[in-house]
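Please read the structure below before turning to the comments.
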Amino acid sequence: MNAKLSHAPAHHELDAFWMPFTANRQFKAHPRLLVRAEGMYYWTAEGREVLDAVAGLWCVNAGHGRREITEAVTKQLGTMEYAPAFQMGHPIAFELANRLAKIAPPGLERIFFTNSGSESVDTALKIAIAYHRARGAGQRIRFIGREKGYHGVGFGGMSVGGMVNNRKVFSSSMLPGVDHLPHTLDIENNAFSRGLPQWGAHLADALERLIALHDASTIAAVIVEPIAGSAGVVLPPIGYLKRLREICDKHDILLIFDEVITGFGRVGQPFASQAFDVTPDLMTTAKGLTNGAVPMGAVFAHRKIYDALMQGPENAIELFHGYTYSGHPVACAAALAALEVYTKEGLLTRAASLAAEWENAVHSLRGLPHVLDVRNYGLLGAAELEPRAGNPGARGFEVFLKCFEQGVMVRQTGDTIAMSPPLIVESKQLARIVETLATAIRETA
Ligand SMILES: Cc1ncc(COP(=O)(O)O)c(C=O)c1O
């Protein structure tokens with residue numbers, strides 16, 4: 001299907017939309033407009049086919065244009081487009097929560113709905129504080145995040161996040177009392193490691209030092225991505241997450257895994273916590289929950305947290321938190337249909353069977369000019385390029401543009417090229433992604 005599908009807006013018609021996380025002036029001078037999608041592909045406004053190597057934005061796990069999701073959403077819109085979830089309920093939200101609880105890591109069977117990853121993170125942070133307070137430990141208000149972490153753009157998520165460009169402008173507006181673990185990217189020791197790096201489990205011990213500095217009695221929770229996606233697929237060294245879990249347990253600190261990217265099959269299990277056999281107390285999700293079709297997020301809370309908060313008179317609201325669209329019926333319909341597709345097609349575990357092939361493919365980039373590191377796990381992959389002197393990010397951006405011109409959409413973050421194809425990807429498409437990236441890297445000085 002190569003026909004021109006939509007009229008591209010004229011240049012002056014691009015002015016009004018202030019684009020998020022985008023170089024607006026560059027984009028509006030050289031727009032890259034996507035107008036249709038199906039399976040593994042997008043089509044541009046010019047009718048060019050583009051292989052999607054990022055699942056949209058790490059979210060379209062079952063591929064584009066899934067008829068089952070469209071039909072479920074259409075049906076729900078025709079039945080009841082909206083109903084509140086404050087002091088009222090609708091069956092589909094309960095059905096979805098039950099369905100999610102069934103695939104959740106052990107004990108994480110209480111589900112709070114949000115509309116995005118950012119909202120899931122801020123919700124989880126608030127639940128952590130409320131939990132400690134309900135148990136008489138209201139002084140536990142600190143959070144420990146990690147350098148290079150990305151937890152969305154709310155004031156909470158931004159504060160526990162560790163990507164400097166997301167923080168520096170807003171440095172006066174961070175949550176008080178937040179500290180950060182060191183990140184786990186170590187190219188000197190771990191470059192080109194296949195899967196999880198061997199070196200670096202001890203980096204988790206930095207948590208003990210932060211606890212010694214602040215005292216455990218002031219700390220509510222530690223939040224990390226099991227694999228940091230937005231910073232360029234930064235992997236946890238073998239044993240690292242287990243160590244974090246042990247230290248949190250020792251000091252009665254909650255452990256939050258942000259699985260907004262790693263959830264819903266990306267790493268070969270429904271959630272990374274299952275793949276790594278480490279169960280957090282709270283888990284944040286979004287993106288793949290609805291296959292990206294309708295905005296929705298979900299926080300999975302351990303039953304003990306929910307139970308601790310079920311206090312006070314029975315007619316009293318237990319947690320003063322929620323969104324107009326928490327458990328939106330249309331989003332619930334999309335999520336249920338997405339889960340049905342994931343289950344029927346084995347997509348929650350398919351990444352595991354493709355992981356070795358993907359690993360070999362991405363590691364073929366080793367030895368190309370400027371390639372400092374290649375990282376992979378499940379169906380996540382990244383190639384880190386050497387920054388140009390005095391112009392960090394320029395080489396990465398050029399490689400991203402070249403890939404797009406050659407018909408493959410990857411994700412650029414600084415000088416790292418990240419990939420997370422839809423979980424329906426076929427072998428020849430995996431190969432094409434990496435071959436196109438290799439060509440783009442070779443052609444970029
Ligand atoms: C780990 C993680 N947490 C939170 C978010 C924020 O999600 P959203 O953009 O839906 O607010 C993202 C987005 O990429 C993410 O990767």
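The values are calculated or read from the model by the stated rules, or taken from the named source; none is laboratory data. This is a predicted model, so every value here is computed, not measured. All Cβ positions, even for glycine, are placed from backbone atoms using ideal geometry, and neighbour counts span all protein chains on display. The protein model used for the area step is the full one, side chains on, heavy atoms only, and it has no ligands, DNA or RNA in it. Shrake-Rupley method; radii C 1.70, N 1.55, O 1.52, S 1.80 Å.
Residue by residue, here is whether (1) outside any strand (DSSP E or B); (2) open to solvent by less than 20 Å² (accessible area, probe 1.4 Å); (3) hydrophobic (A, V, I, L, M, F, W, C); (4) closer than 16 Å to V54 by Cα holds:
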site	(1), (2), (3), (4)
G367	yes, no, no, no
G396	yes, yes, no, yes
C403	yes, yes, yes, yes
I417	no, yes, yes, yes
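Of all residues in segment 44-63, which are away from the ligand (no atom under 14 Å from the Cβ), under 18 Å from the mean Cα position of the chain (by Cα) and not acidic (D, E)?
As a first pass, look at segment 44-63 and keep what is away from the ligand (no atom under 14 Å from the Cβ): 44-53, 62-63.
Remaining after also requiring under 18 Å from the mean Cα position of the chain (by Cα): 52-53, 62-63.
Scanning segment 44-63 gives A53, A62, G63.
To keep it simple, each residue is scored yes or no on (1) open to solvent by less than 10 Å² (accessible area, probe 1.4 Å); (2) of a type in the set (G, A, S).
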residue	(1), (2)
G200	yes, yes
D205	no, no
D215	no, no
I223	yes, no
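I'd like to verify a number: residues in segment 272-287 that are part of a strand (DSSP E or B) and surrounded by fewer than 24 Cβ atoms within 10 Å (Cβ to Cβ), how many? Break it down stepwise before answering.
Of the residues in segment 272-287, the ones part of a strand (DSSP E or B) are 282-285.
Going one step further and asking which of them are surrounded by fewer than 24 Cβ atoms within 10 Å (Cβ to Cβ), we end up with none.
Here the count works out to 0.
If the requirement is being out of contact with any strand residue (DSSP E or B) (no Cβ under 8 Å at 6 or more places or on another chain), touching a residue at least 40 places away in the same chain (Cβ under 8 Å) and of a type in the set (G, A, S), which of these qualifies: A418, A431, A389?
Going through A418, A431, A389 in turn, the sole match is A431.
Could you check segment 401-423 and list, in sequence order, the residues that are closer than 25 Å to A338 by Cα and of a type outside the set (A, V, I, L, M)?
Those that are closer than 25 Å to A338 by Cα and of a type outside the set (A, V, I, L, M): R411, S420, P421, P422.
From the set of residues in segment 152-166 that are closer than 18 Å to G297 by Cα and surrounded by fewer than 22 Cβ atoms within 10 Å (Cβ to Cβ), which is farthest from the ligand (Cβ to nearest atom)?
Of everything passing the filter in segment 152-166, F155 is farthest from the ligand (Cβ to nearest atom).
Hey, among the residues in segment 125-151 that are in a loop (DSSP other than H, G, I, E, B) and under 20 Å from I227 (Cβ atoms), which one's farthest from the ligand (Cβ to nearest atom)?
Top of the filtered list is E147.
Could you list, ordered by first residue, the pairs with Cβ atoms under 6 Å in which the first is in segment 170-198 and under 22 Å from L244 (Cβ atoms) and the second is hydroxyl-bearing (S, T, Y) and open to solvent by 40 Å² or more (accessible area, probe 1.4 Å), at least 6 apart or interchain?
G195/Y377
For segment 288-324, give me the residue count where each residue is open to solvent by 80 Å² or more (accessible area, probe 1.4 Å), farther than 21 Å from V60 by Cα and within 16 Å of the ligand (Cβ to nearest atom).
0
Of all the residues that make up segment 413-424, how many are more than 16 Å from R266 (Cβ to Cβ) and over 15 Å from the mean Cα position of the chain (by Cα)? Let's see the steps before the verdict.
Let us first name the residues in segment 413-424 that are more than 16 Å from R266 (Cβ to Cβ), namely 413-417.
Next, only the ones that are over 15 Å from the mean Cα position of the chain (by Cα) stay: 414-417.
Residues in segment 413-424 being more than 16 Å from R266 (Cβ to Cβ) and over 15 Å from the mean Cα position of the chain (by Cα): 4 in total.
Name the residues in segment 161-192 that are assigned to a helix (DSSP H, G or I) and among the charged types (D, E, K, R), would you?
R167, K168, E188
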